[in-house]
Amino acid sequence: MSFRTEIFNLCKIIQQNPESKQISNFIKSLSITVVGNDSPSANNFHQIAKHSHNQFYGYLYANDNIKDYLDIFPDIRSLATDEIQLIAIGHSTIVKLIHGCLNDISSKYPKICKAMNPYWNYKPIAQKYEKANTILNDDDYHKAISEFKSSALYQKLFTSTTIELIEKLPDNDFYNILGSIDKEINTCPVSQIPKIIDDYYTGLHSNPISPHITILATILMITAIRKSLTSACSLLFTALVGNDLIVLNNDNIISFDNISKNLLYSHYSLTTTDILLNPATNTVGDIALIDCTPSSNLHLHEFGIIYSHTANFTRDMGDTSNLTLVAVDELLNPIFTLTNNIISQTFPDIKTTTPQQIHASTNIAQTKKPKISRNDMCPCGSGLKYKFCCGKTNNKGSQE
Amino acid sequence: MIETIFTENPEDDLWRELLQYSYKANVTKYLNEHSFSPNETLINSITGSILQAHEYYSACKHANLQISPLLLYYGTTNLLFGATALTSGSIPVIKSHGMNPDLPTGKNYYIAETNIVFSDSERGGIHNFLKSFDCNEDLTKYGTWQLKDFISSIAEINNDYQRCYSEKIGNVLMLDVIKSQSGYVERIYYTNDNYSSILEAIRRVENFNSSYLKPSSGHDHATDQDFIILRPKLNSVNIKKKSFFGQPYLQAGIIKNGHTISIPPLFNMYISLFIMGSLCRYHPEIWGPFALTDETGERLLVEKLMYYARRMLPNIILNKLYSKDMTYVTQRYIEKETIKFVNEHEVKELISQELYLRNQHNFIDKL
């Protein structure tokens with residue numbers, strides 16, 4: 001059994017639960033409410049709540065801050081109490097998995113624990129939502145949490161010599177590096193290698209391996225574990241809202257535009273038809289299964305996260321979607337090629353490294369807070385532009 | 001892959017190849033190569049069949065429509081008999097044609113409304129020949145057929161069939177293949193009148209669902225025509241057939257007794273020739289006036305069918321003997337030009353790809 005297998009088991013339990021049917025019916029009805037104008041009011045909720053792996057958080061955040069958005073989306077409506085309760089149950093079902101996976105380290109390494117939370121960069125929402133009932137019970141979560149904690153990546157991280165040093169890093173340094181890694185990995189095209197990974201691989205060939213590389217490797221593991229939990233949340237969300245897992249097979253794939261592999265991702269770019277053409281849905285961030293036989297001597301069975309989705313509506317060639325996906329491995333980790341390399345490395349013991357040396361090594365990464373333009377998407381994940389979100393009250397800012 | 005034979009006179013050269021098997025040495029060699037035991041009777045049967053077939057075809061080329069279908073039917077029967085003996089290594093045991101014409105009652109019907117009933121699936125000629133061409137369909141189970149069923153399934157006279165009998169479509173769906181940077185699609189053009197008929201015909205194409213995605217619709221702005229878009233599934237079996245001119249098409253099956261039956265193109269023509277030949281031979285009171293004074297235009301369709309049958313049937317049978325796909329054309333040989341002129345955008349793309357690949361190799365080398 002593996003973490004991935006246990007997550008799929010959880011999804012099956014959710015899908016069989018009648019309470020999840022209530023949630024999915026409500027979410028689907030939210031998308032088609034019409035209040036007599038061009039833009040249905042619920043679509044405004046979608047725009048605010050658009051997160052790739054937990055829209056429940058988005059709905060709750062938007063509901064609590066409706067007055068901030070009324071000038072932008074005048075038709076937005078506040079959710080009723082019973083509607084809020086349904087969404088809170090969905091949200092709580094997802095976050096309970098995260099808390100279970102990270103509970104062992106939350107007291108000993110709170111900073112690292114926070115950095116491994118898929119919502120580490122999000123603005124906080126009311127605590128009552130996080131404590132709502134869940135669809136799953138404690139026994140249901142147990143196996144998934146055990147598999148998560150016994151995984152090679154988790155074990156490598158928490159038996160490393162650097163974890164205590166990382167925990168002691170100044171907050172600014174730590175979050176700057178984390179934010180830099182995220183930004184480089186998230187903004188770099190999947191067919192290319194981020195510079196930070198390039199530097200890491202170059203550093204691996206030095207003898208001895210420098211403290212900087214060792215620290216970078218540790219932070220990459222933290223990033224990878226967060227991505228693994230993010231993928232798990234995406235699947236649980238899919239199950240809760242009643243969506244089917246997107247399956248790409250010989251019956252809907254038209255062609256493969258590119259199959260390639262680099263140090264970070266196994267990457268698929270393909271053209272498909274039928275199932276992904278609804279302009280109201282955004283599949284970016286969803287997990288899809290590629291199960292097809294592109295040629296007589298190749299069979300693919302890969303789970304992937306949809307990285308980009310372009311719908312082409314053309315009368316000449318027919319309607320198609322171009323998708324880019326990165327493969328996720330058993331741990332649902334999209335950068336497993338990198339982490340497998342890290343897991344196999346033996347890093348030096350740098351416990352005796354001085355704080356000055358640590359500070360100097362972390363300065364090699366970006367230490368300046370990346371400048372956020374007013375028209376950039378807000379880093380808190382709201383889906384709005386920075387000038388309409390955290391930029392409005394820029395004393396709060398984001399944690400990036 | 002299609003092998004193209006360039007020749008000034010395709011029909012003559014085609015027969016020159018077939019007539020190789022009117023020589024005992026070539027027949028013996030073929031039988032030995034295919035692990036059959038040659039014997040005098042078998043060899044004489046094969047060589048005689050091929051020689052007779054050639055005589056019938058030569059006669060048919062210059063004969064009047066009064067008898068040409070009969071001649072062509074006999075010639076094709078000889079050809080099929082010889083080919084079956086050659087490919088099976090034994091003389092087929094045939095007691096009858098395996099099919100019987102049946103005239104419809106009443107007057108003033110089209111020739112295409114002549115009926116036919118199949119019989120003797122073991123010793124009938126048609127079933128023996130079908131089996132030698134890897135079709136094990138037992139046509140005796142399906143009751144009465146019409147000549148129209150077979151004519152409507154011949155791609156080369158598809159347009160003539162629709163015009164002559166005022167039919168919306170036949171059993172042939174001609175495909176227009178489009179290859180562009182956006183992808184590869186096949187189109188079937190339609191009008192408002194025949195759209196539903198085309199969709200119904202698609203449902204009758206054997207193995208369509210396992211070979212193609214669900215059809216969608218599109219519009220050609222250049223010609224202001226609507227079309228159905230067909231996309232082959234990944235790694236699917238190619239179910240398209242090729243017409244005499246090379247245009248691909250899908251063949252819709254014929255529904256009889258609740259079954260959908262697809263008959264190979266060769267036998268659509270062969271059975272049509274039998275029906276027309278039978279009318280020649282046994283019903284001159286029908287065929288004579290038709291050949292002389294037809295007023296419906298059906299005669300033109302029959303003449304066109306005769307031309308394509310005479311041209312195509314020997315080619316199809318020769319392909320079976322050689323296990324190849326050959327076509328004889330009068331076009332002169334053209335050198336293949338592999339020099340490609342690219343534009344600036346394509347050059348930039350090529351450079352980017354090369355740099356990326358070299359970059360990737362550097363990383364992998366470092367591991």
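The values are calculated or read from the model by the stated rules, or taken from the named source; none is laboratory data. Computed from a predicted model, the values in this text were never measured in an experiment. Glycine also receives a Cβ, built like all others from the backbone with ideal geometry; neighbour counts cover every protein chain displayed.
Scan the stretch A:273-298 for residues that are modelled with pLDDT of 90 or more and more than 9 Å from chain B (Cβ to nearest Cβ) and the total you get is 4.
Which of the helices (runs of 4 or more DSSP H) contained wholly in the stretch A:95-206 include at least 2 residues that are more than 30 Å from A:Ile259 (Cβ to Cβ)? Lay out the reasoning, then the answer.
On the way: elements: A:110-115, A:127-130, A:138-149, A:152-158, A:163-168, A:171-187, A:195-204.
Of the helices (runs of 4 or more DSSP H) lying wholly inside the stretch A:95-206, those with at least 2 residues that are more than 30 Å from A:Ile259 (Cβ to Cβ) span A:110-115, A:127-130, A:138-149, A:152-158, A:163-168, A:171-187.
The condition (being at pLDDT below 90, over 25 Å from A:Ser24 (Cβ atoms) and in contact with a Phe, Trp or Tyr (Cβ under 9 Å, 6 or more places away or on another chain)) is satisfied by just one residue among A:Ile105, A:Ile125: A:Ile105. There is no residue in the stretch A:175-193 that is small (Gly, Ala, Ser) and under 30 Å from A:Ile89 (Cβ atoms). Filtering the stretch B:297-329 to residues that are among the β-branched types (Val, Ile, Thr) and either at pLDDT 90 or above or in contact with a Leu (Cβ under 8 Å, 6 or more places away or on another chain) (or both) leaves B:Val302, B:Ile316, B:Ile317.
Under the condition of being among the hydroxyl-bearing types (Ser, Thr, Tyr) and touching a Phe, Trp or Tyr at 6+ places or on another chain (Cβ under 6 Å), which residue from the stretch B:61-83 is farthest from B:Arg311 (Cα to Cα)?
First, pick out the residues of the stretch B:61-83 that are among the hydroxyl-bearing types (Ser, Thr, Tyr): B:68, B:73-74, B:76-77.
Going one step further and asking which of them are touching a Phe, Trp or Tyr at 6+ places or on another chain (Cβ under 6 Å), we end up with B:73-74, B:76.
On the way: B:Tyr73: 13, B:Tyr74: 15, B:Thr76: 11 Å.
Only one residue fits best here, namely B:Tyr74.
Look through the stretch B:174-205, keep the residues that are among the hydroxyl-bearing types (Ser, Thr, Tyr) and facing chain A (nearest Cβ under 9 Å), and return whichever of them is surrounded by the fewest Cβ atoms within 10 Å (Cβ to Cβ).
Going through the stretch B:174-205, the residues among the hydroxyl-bearing types (Ser, Thr, Tyr) turn out to be B:180, B:182, B:184, B:189-191, B:195-197.
Now drop any that are not facing chain A (nearest Cβ under 9 Å), which leaves B:180, B:182, B:184.
On the way: B:Ser180: 9, B:Ser182: 15, B:Tyr184: 13.
Ranking the candidates gives B:Ser180 first.
Can you find, within the stretch A:303-312, the residue that is farthest from the other protein chains (Cβ to nearest Cβ) among those that are surrounded by fewer than 18 Cβ atoms within 10 Å (Cβ to Cβ) and within 23 Å of the chain's Cα centre (by Cα)?
Step one: filter the stretch A:303-312 for residues surrounded by fewer than 18 Cβ atoms within 10 Å (Cβ to Cβ), giving A:308, A:310-312.
Then keep just the ones that are within 23 Å of the chain's Cα centre (by Cα); that gives A:308, A:310-311.
On the way: A:Ser308: 17, A:Thr310: 12, A:Ala311: 13 Å.
Per the stated criteria, the residue is A:Ser308.
Report yes if A:Phe174 is more than 19 Å from the chain's Cα centre (by Cα) and surrounded by 18 or more Cβ atoms within 10 Å (Cβ to Cβ), otherwise no. In short, yes. Against the list (1) among the acidic types (Asp, Glu); (2) in a helix (DSSP H, G or I); (3) within 14 Å of chain A (Cβ to nearest Cβ), the condition B:Asp160 fails is (3).
In this structure, is B:Lys233 closer than 18 Å to A:Gly318 by Cα, free of Cβ contacts under 8 Å to residues at least 40 places away in the same chain, within 14 Å of chain A (Cβ to nearest Cβ) and buried (at least 16 other Cβ atoms within 10 Å of the Cβ)?
On the way: closer than 18 Å to A:Gly318 by Cα: yes; free of Cβ contacts under 8 Å to residues at least 40 places away in the same chain: yes; within 14 Å of chain A (Cβ to nearest Cβ): yes; buried (at least 16 other Cβ atoms within 10 Å of the Cβ): yes.
Answer is yes for this residue.
Restricting attention to the stretch B:266-318, the residues that are crowded, with 16+ Cβ neighbours inside 10 Å, over 16 Å from B:Ile67 (Cβ atoms) and either among the hydrophobic types (A, V, I, L, M, F, W, C) or touching a strand residue (DSSP E or B) at 6+ places or on another chain (Cβ under 7 Å) (or both) add up to 11.
Checked against the criterion of being in a loop (DSSP other than H, G, I, E, B), closer than 30 Å to B:Asn26 by Cβ and free of Cβ contacts under 8 Å to residues at least 12 places away in the same chain, the stretch B:97-118 contains not a single residue that satisfies it. For the stretch A:232-250, filtered to residues that are touching a helix residue (DSSP H, G or I) at 6+ places or on another chain (Cβ under 8 Å) and among the small types (Gly, Ala, Ser), the residue that is surrounded by the fewest Cβ atoms within 10 Å (Cβ to Cβ) is A:Gly242. Filtered by the rule that a residue be free of Cβ contacts under 8 Å to residues at least 24 places away in the same chain and closer than 25 Å to A:Gln16 by Cβ, the stretch A:84-140 gives A:His99, A:Asn137, A:Asp138, A:Asp139. Considering the stretch A:313-332 alone, what residues qualify as being within 11 Å of chain B (Cβ to nearest Cβ) and either closer than 18 Å to A:Tyr268 by Cα or part of a strand (DSSP E or B) (or both)? Result: A:Thr320, A:Asn322. Pairing residues of the stretch B:160-184 that are closer than 17 Å to B:Leu305 by Cα with residues that are basic (Lys, Arg) and modelled with pLDDT of 90 or more, at Cβ distances under 6 Å and at least 6 apart in sequence or on separate chains, gives B:Asp160/B:Lys304. Among the residues of the stretch B:14-27, is any assigned to a helix (DSSP H, G or I), under 19 Å from B:Thr76 (Cβ atoms), of a type in the set (Asp, Glu) and within 22 Å of the chain's Cα centre (by Cα)? Yes. Can you report the number of residues in the stretch B:201-242 which are part of a loop (DSSP other than H, G, I, E, B) and among the polar types (S, T, N, Q)? Looking only at that region, the number is 5. For the stretch B:206-230, the tally of residues that are surrounded by 14 or more Cβ atoms within 10 Å (Cβ to Cβ), more than 7 Å from chain A (Cβ to nearest Cβ) and of a type in the set (A, V, I, L, M, F, W, C) stands at 4.
Only one entry of A:Leu70, A:Leu30, A:Leu10, A:Leu60 meets the criterion of being surrounded by 14 or more Cβ atoms within 10 Å (Cβ to Cβ), at pLDDT below 85 and out of contact with any strand residue (DSSP E or B) (no Cβ under 8 Å at 6 or more places or on another chain), and that entry is A:Leu30. Within the stretch B:41-48, one or more residues are surrounded by 14 or more Cβ atoms within 10 Å (Cβ to Cβ) and out of contact with any Ser or Thr (no Cβ under 9 Å at 6 or more places or on another chain).
Name the residue, out of A:Leu229, A:Leu216, that is in the same structural domain as A:Asn54 (by TED's automatic domain parsing), touching a Cys at 6+ places or on another chain (Cβ under 8 Å), assigned to a helix (DSSP H, G or I) and modelled with pLDDT of 85 or more.
Numbers: A:Leu216 fails: touching a Cys at 6+ places or on another chain (Cβ under 8 Å).
Exactly one residue qualifies, and that residue is A:Leu229.
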